[in-house]
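A quick write-up on the structure given underneath.
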Amino acid sequence: MTALERSWFEEAQQSMHGWDFSHLAGRWQTADLPWDYAALVREHLSADDRWLDIDTGGGELMGRFNHQPALTAVTEGWQPNIELLKQTVVKKGITLYPDAAEQLTAVPNSTFDIVTNSHGAMPVKRIAEVLKPGGRFVTQQVGATNNYALSRFFDEHYEPAYPDNQLLTVMAQMQAAGFEILRAEQAYAALSFTDIGAIVYYATVIPWEFPNFDVARMLPKLHQLQSLLTINGRVTTFEDRFMIIVRKLARCD
């Protein structure tokens, strides 16, 4: 086994805490989207709003908004993140709703002025129920074809895990749930990796896009990518993203 191959096996053993890709700093680059999700949240989040952040991960993004802890609640379904949140944001006074089923089951109805969701599960009807009339929902989502070319490169039989998570389908679901659509956009952004170990790490921590990824079995493919990287200096795939901002109409309460 070569030193390069050993490094790939080591990347596959790395673990991630929360939803933190700092391990890839300087090893990947994503083109800018035509919108800024954080700016959209700030535009709609008022200081006195009761706020729910869905699938908050380790609370990294949520924490950047410095909202009042007593007015902030989060959901999270992955047990390691839940334990992390208990030791961090909960101790600051933020309410945590463990949500393994990703259906907002424990979240009270008609409670929140705003719900946000960055790349999380999206039970549209339940989101409408937990919002107050006139409440807003701001989300940025990973579309069904995210990294499709790279996923198919590793597995010619790969099909998207969430084929219906696409803008048109979700917009129709929002309207059916009683939301007024305020803004909706979709975009594709180039995602470039500058070393193959970064791809190994990425594929390992996102198993729904790279099912059954195994370094030993993928060695020939990884060497192919290494050859392409030597020529081009990077391996590029494309992120599928869409954003929606909606307001709950009074009739859906």
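Summary of computed values
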{"quantity": "Sorted peptide list for 136-142, 99-105, criterion being average Cβ within 10 angstrom, highest first", "calculated": "136-142, 99-105"}
{"quantity": "Cα-based Kirkwood hydrodynamic radius, segment 1-128, one decimal, Å", "calculated": "16.4 Å"}
{"quantity": "Calculated diffusion of segment 123-253, Stokes-Einstein form, Kirkwood radius summed over Cα pairs, 37 °C and 0.692 mPa s, µm²/s", "calculated": "196 µm²/s"}
{"quantity": "Protection-proxy order for peptides 189-201, 75-87, each taking the mean of Cβ atoms within 10 Å per residue, highest first", "calculated": "189-201, 75-87"}
{"quantity": "Largest-first principal axis extents of the Cα set of segment 56-195 (Å)", "calculated": "47, 38, 25"}
{"quantity": "Estimated dipole of the chain in Debye, rounded to 20 [Cβ of Lys and Arg +1, of Asp and Glu -1, Cα centre]", "calculated": "440 debye"}
{"quantity": "D_trans [Stokes-Einstein, Kirkwood Rh over alpha-carbon pairs] for the chain, 37 °C, 0.692 mPa s, µm² s⁻¹", "calculated": "168 µm²/s"}
{"quantity": "Highest-first arrangement of 122-135, 175-188, where packing means the average Cβ count within 10 Å", "calculated": "122-135, 175-188"}
{"quantity": "Label-point gap, in nm, between residue 92 and residue 194 - each point 7 angstrom along Cα→Cβ", "calculated": "3.1 nm"}
{"quantity": "Relative contact order, percent, the chain [alpha-carbon distance under 8 Å, six or more residues apart]", "calculated": "24 percent"}
{"quantity": "Percent of Cα pairs exceeding the 14 Å cut-off, where the set is segment 210-253", "calculated": "71 percent"}
{"quantity": "Rounded percent of accessible protein surface that carbon and sulfur make up, the chain, 1.4 Å probe", "calculated": "52 percent"}
{"quantity": "Charge dipole (the chain, unit charges on Cβ, about Cα centre) - positive-most of 165, 210, 103", "calculated": "103"}
{"quantity": "Span-like helix ranges in the chain, DSSP H, alpha carbon extent 20 angstrom or more, Kyte mean at least -1.0", "calculated": "215-232"}
{"quantity": "Long-range HN-HN contacts of residue 96 with modeled amide H, under 5 Å", "calculated": "74"}
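The values are calculated or read from the model by the stated rules, or taken from the named source; none is laboratory data. Here the structure is a predicted model, which is why all the values come from computation and not from measurement. We place every Cβ from the backbone using ideal geometry, glycine too, and count neighbours over all the protein chains shown. Ligands, DNA and RNA are excluded from the accessible area calculation, which covers all protein heavy atoms including side chains. Shrake-Rupley method; radii C 1.70, N 1.55, O 1.52, S 1.80 Å.
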